[in-house]
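Coordinate-derived values only; no laboratory data. Just so it is clear, the model here is predicted, and its values are computed rather than measured. Counting neighbours? That spans all protein chains shown, and the Cβs are built from the backbone with ideal geometry, glycine included.
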Amino acid sequence: MNLAEKAKAFDALHQKGNPVVLYNIWDAGTAKAVTEAGAKALATGSWSVAAAQGYGDGEQIPLASLVAAARQITAVNELPLSVDFEGAYSTDATGAAANVEKLIDVGAVGINFEDQVVGGSGLHPVEKQAARIKAIREMADAKGIAFFINARTDLFLREGDLSKHAGLVDEAIERGKAYAAAGANGFFVPWLIDPALIQKICDASPLPVNIMMRPGAPDVKTLGSLGVSRVSYGPGPYRIMMEKLKEAASAVYAATG
């Protein structure tokens, strides 16, 4: 498949009630492993890609290094790739679109694009985030790519008190509608795990809804029954693998020490 065909195929995987499962990767090697495990598409996690190269999350990994990682994955793997692109390394619309174009040029068919102020506090105003999404949409459309913009709101991620999540749902829905109008293709609400709240957002969202797996989250089958279209795993796979690596290395050194 060429890039345009991959983009269409990726979009088609987002089915309400039958979510596409993305077990997040961080390099070409993990892409190969997850592909062989049965994945239909690939998605990086920003935390994992950064950590694998010794950086912290929050756009600390240089943009060029992130683009290079995406290039290495697409060079050896034919599955559609979505890149967790945080805030697109730019607070303005023109810069965001130009940076996303770099990912399209190396073969990515989608991004996660978050509305929190990376390295700052709070969330971007809805109007500003919508303008950034619109610029990315127009750039991708001009290239003839049905690029998948997974618009992420960090309302729930930034509120650690789960009892307060219900009070954020209406604002989340309004953000999702604004992002849809600007040209987004999906709506990502990480850290939300309450089934009733997830269903409320799925019922109201004009976009396919993405839920991130975390402790306490419903299983994939249940999420599908709530109307979810996409399930991702964030930094979980990286953390699991690094813990296994440490355990194996510790056993070796304990036996030889």
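The table below lists the values:
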{"quantity": "Test item: Cα-centred dipole of region 3-256, Lys/Arg +1 and Asp/Glu -1 on Cβ, debye", "calculated": "400 debye"}
{"quantity": "Calculated FRET value between Asp105 and Asp27, using beta carbons and R₀ = 25 Å, to 0.05", "calculated": "0.85"}
{"quantity": "By average C-beta atoms within 10 angstrom, highest first, the peptides 177-187, 245-255, 51-61, 13-23", "calculated": "177-187, 13-23, 51-61, 245-255"}
{"quantity": "Rg in Å to one decimal, and Dmax rounded to a whole Å, for the chain via C-alpha atoms", "calculated": "17.8, 61"}
{"quantity": "Built amide H within the under 5 Å cut-off of Ile25, gap 5+", "calculated": "Ala43, Thr44, Gly45"}
{"quantity": "Relative packing of peptides 106-112, 71-77 - highest average C-beta neighbours within 10 Å first", "calculated": "106-112, 71-77"}
{"quantity": "Which listed pairs, of Lys8/Lys143; Lys164/Lys200; Lys134/Lys177; Lys32/Lys102; Lys32/Lys143; Lys128/Lys177, have C-alpha distances above 18 Å, in listed order", "calculated": "Lys32/Lys102; Lys32/Lys143"}
{"quantity": "Backbone HN-Hα couplings from phi across region 189-198 [Karplus 6.51/-1.76/1.60, Hz, Gly and Pro as x]", "calculated": "10, x, 5, 7, 10, 6, x, 5, 6, 4"}
{"quantity": "Per-residue HN-Hα couplings for region 98-108 [Karplus 6.51, -1.76, 1.60; θ = phi - 60°; Hz; x = Gly/Pro]", "calculated": "5, 6, 5, 4, 4, 6, 4, 5, 9, x, 7"}
{"quantity": "Under 5 Å, built H, 5+ apart or other chain: amide partners of Val20", "calculated": "Gln15, Arg230, Val231"}
{"quantity": "In sequence order, calculated HN-Hα J values of region 66-83 (Karplus, 6.51, -1.76, 1.60; Hz; x Gly/Pro)", "calculated": "5, 4, 5, 4, 5, 4, 5, 5, 5, 5, 10, 9, 8, 6, x, 10, 10, 10"}
{"quantity": "Most to least packed among 37-45, 162-170 [average Cβ atoms within 10 Å]", "calculated": "37-45, 162-170"}
{"quantity": "Positive-end residue, the chain charge dipole about Cα centroid, Cβ charges, pick of Ser205, Ala180, Val228", "calculated": "Val228"}
{"quantity": "Residue among Gly160, Gly95, Gly234 with the largest mean-square fluctuation in a Gaussian network model of the chain, springs linking Cα atoms under 10 Å", "calculated": "Gly160"}
